[in-house]
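These notes concern the structure reproduced below.
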Protein chains: 2
Amino acid sequence: MRTDTTFKRAFNDMIDILRTLDPGEELPSENALRAQLGVSRTTVRKVLAGMSARGIIISDVHRRIVHEQPSQIDRYPQEETLAISEQVETSFMEWMLRGGACPGTEINETELGRKFGVATTIIREFLNRFQKYGLIEKRPNAGWVFKGFTASFALELFEIREMFEMRSARLFAGLPDSSPVWKQIQSMRAAHLELLADIDSRFQDFSELDSRFHRLIGAVAPNRFIESFQDVIAMVFHYHYQWNKRDERARNEVAIGEHLALIEALESRDIALIDRACRLHLTSARETLLHSIA
Amino acid sequence: MRTDTTFKRAFNDMIDILRTLDPGEELPSENALRAQLGVSRTTVRKVLAGMSARGIIISDVHRRIVHEQPSQIDRYPQEETLAISEQVETSFMEWMLRGGACPGTEINETELGRKFGVATTIIREFLNRFQKYGLIEKRPNAGWVFKGFTASFALELFEIREMFEMRSARLFAGLPDSSPVWKQIQSMRAAHLELLADIDSRFQDFSELDSRFHRLIGAVAPNRFIESFQDVIAMVFHYHYQWNKRDERARNEVAIGEHLALIEALESRDIALIDRACRLHLTSARETLLHSIA
DNA sequence: AACTTGTTTTTTATGGATAATGATCAGACC
DNA sequence: GGTCTGATCATTATCCATAAAAAACAAGTT
């Protein structure tokens, strides 16, 4: 049976919306809430019904008013707001990167299903999607093989990444002065400087900034295949470094410096300089990753 | 219930094996047949049982002998040897490229399942795999959207293709004289010349040669992401041109000429020449594709 | 007429069942 | 000991069922 994670997530979000309203105030229409919560009206109504049942709001004919501020206690726990398929992703990553899965390990749909407590349908679906990351391979009629989070994986990943990022950086530099990206890149620089100034306490915020930075550069000339590849990179960094915190602060500080150099190069419009800064950053990122794998 | 397409394919293949044997001759062991047919011994035994039941072979204790040559009539029809998931691929491609699916069309799992006569599970699985081709996109909890086989698809595809092929061609040229690839590229040239000499009757053989040629060049420095992208290219050309035969002969003749030029450039080891030949070929292929889409 | 909410229909996400296939175990043969 | 076949067990491919969520329809309000 389908889980009601969408409802629970919407319920939690609704709590945040209600907290911006005063008791006695009238709620927005179902349609407005639908847009705000990003779910269907069916789900909105279910949330409203739940709120009513808890006495948080009072439903009248054709209107609803806030009765009392909901407390944080009413929230559903985070885990219950994740679709099974999302939970599977996390479980699988953990199994792969932390459990002793070595290159060549055979992946058994049935066994994974049992281990994670989900139906094999879900596992199959997940593996089919996960295939694009290049870490597993299918053998027809006989399950999957884990190819390993190995050095050659990292090298192949970075070979492509270098091609794509150099391409984007060059196109970026070719944009006219009137383009809004120059403003965006400036605020990007500011964000980097801010983070650098406070690096000791905020170094963990870098991961998100990194992703934003590279996506900004990549967005100048959209290409669906490059965007799809950015998902691969994001996955690798998200999960790998989530469980591999060694030297995190130093690593991030270095990367910020490289980003700033690249920003400067971009602003100079000097292709040779850009190429150099870009390659320098990617080489350093590659070495860091390789180092953390070994 | 699972279909027995593996069995039927193996059965057909076994017919071909039996035709190389004389009546009265003893069959290879189950294990040997398993290796030849590329299936499990369970399936081999089922095939042998079928052959026995039809009187084609005679099963004795610990041996089996050919009784009579199987006739082609005993073969299972081709369609029955394709797994449901493979049939779905064809059906979907046909729906997409020939049926009136225009950009933005919503893809409905249930409806497709009904139309193709298969369970929605299969459709979901297929769509998840198909996602990597960049032609469809998922909206959570609400199906898929067909993005269209459009000009921008072709342009984005070729942008990546150019990066990858130029990279491979350069690496190719850097291989030492002692490498076996130089021999392979020579026989590749011969195959092209042969086809060219007989272009009027054999122009349809080019598609397969094209794929082999590009894979040979790509194989010099394996990269899983590039290989995966070659699947995208293969899919596009296979299905698109399967239903779009306009100017096929002329198109292929031109491409053969470009391949020959690239081969010559590779053998010269001159990077500038290689780049030019490679780019020329890709530009021409891109224009051809764009032209056939419009 | 544009927006509401109430109701019904359709579709998706997930679990479960089963025949076909693959993998494993156990004697038999040489 | 290695290879063969017979028998059993485990896994995959496929279908089907169902609650949750989305979409469509209908009718009431302003």
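The values are calculated or read from the model by the stated rules, or taken from the named source; none is laboratory data. Quick caveat, the model's predicted, so the values are computed rather than measured. Every residue, glycine among them, receives a Cβ derived from its backbone with ideal geometry; neighbour counts consider all protein chains shown. We work out accessible area using only protein heavy atoms, side chains counted, and drop any ligands, DNA or RNA first. Shrake-Rupley method; radii C 1.70, N 1.55, O 1.52, S 1.80 Å.
Annotations
- Qualifying residue in the range B:38-48 (condition: within 11 Å of DNA strand D (Cβ to nearest atom), out of contact with any Ser or Thr (no Cβ under 7 Å at 6 or more places or on another chain) and touching a residue at least 60 places away in the same chain (Cβ under 8 Å)): no
- Here B:I15 passes the criteria (1) more than 10 Å from DNA strand D (Cβ to nearest atom); (2) outside any helix (DSSP H, G or I) except the one numbered (2).
- Residues within the range B:1-41 that are of a type in the set (D, E, K, R) and within 16 Å of DNA strand C (Cβ to nearest atom), tallied: 9
- Residue in the range A:46-59 that is more than 14 Å from chain B (Cβ to nearest Cβ), outside any helix (DSSP H, G or I) and within 11 Å of DNA strand C (Cβ to nearest atom) present: yes
- Residue list for the range A:253-279, filter: open to solvent by 40 Å² or more (accessible area, probe 1.4 Å) and over 24 Å from A:Q204 (Cβ atoms): A:E264, A:E267, A:S268, A:R269, A:D270, A:I271, A:A272, A:L273, A:R276, A:R279
- Being out of contact with any strand residue (DSSP E or B) (no Cβ under 9 Å at 6 or more places or on another chain), within 14 Å of chain B (Cβ to nearest Cβ) and buried (at least 17 other Cβ atoms within 10 Å of the Cβ) is a condition met by no residue of the range A:238-252.
- From the options A:I73, A:I136, residue that is at pLDDT below 95, among the β-branched types (V, I, T) and more than 10 Å from DNA strand C (Cβ to nearest atom): A:I73
- Selected residue (criterion: nearest to A:F130 (Cα to Cα)) from residues of the range B:98-128 that are in a helix (DSSP H, G or I), open to solvent by less than 50 Å² (accessible area, probe 1.4 Å) and more than 12 Å from DNA strand D (Cβ to nearest atom): B:N128
- Subset of the range B:142-163 [of a type in the set (D, E), facing chain A (nearest Cβ under 9 Å) and open to solvent by less than 50 Å² (accessible area, probe 1.4 Å)]: B:E156
- Looking only at residues in the range A:164-173 that are under 24 Å from the mean Cα position of the chain (by Cα) and within 12 Å of chain B (Cβ to nearest Cβ), the one that is surrounded by the fewest Cβ atoms within 10 Å (Cβ to Cβ) is A:M166.
- First in the range A:125-141 and more than 8 Å from chain B (Cβ to nearest Cβ) and under 10 Å from A:I107 (Cβ atoms), second anywhere and open to solvent by less than 40 Å² (accessible area, probe 1.4 Å) and β-branched (V, I, T), Cβ under 6 Å, 6 or more apart: A:E137/A:V145
- Failed criterion for A:I73 (all others in (1) under 30 Å from A:V118 (Cβ atoms); (2) without any contact (Cβ under 8 Å) to a residue 24 or more places away in the chain; (3) open to solvent by less than 80 Å² (accessible area, probe 1.4 Å) hold): (3)
- Residue identified as open to solvent by 40 Å² or more (accessible area, probe 1.4 Å), within 14 Å of another protein chain (Cβ to nearest Cβ) and assigned to a loop (DSSP other than H, G, I, E, B) among B:P222, B:P176: B:P222
- Of all residues making up the range B:98-118, the number that are touching a helix residue (DSSP H, G or I) at 6+ places or on another chain (Cβ under 6 Å) and within 14 Å of chain A (Cβ to nearest Cβ): 1
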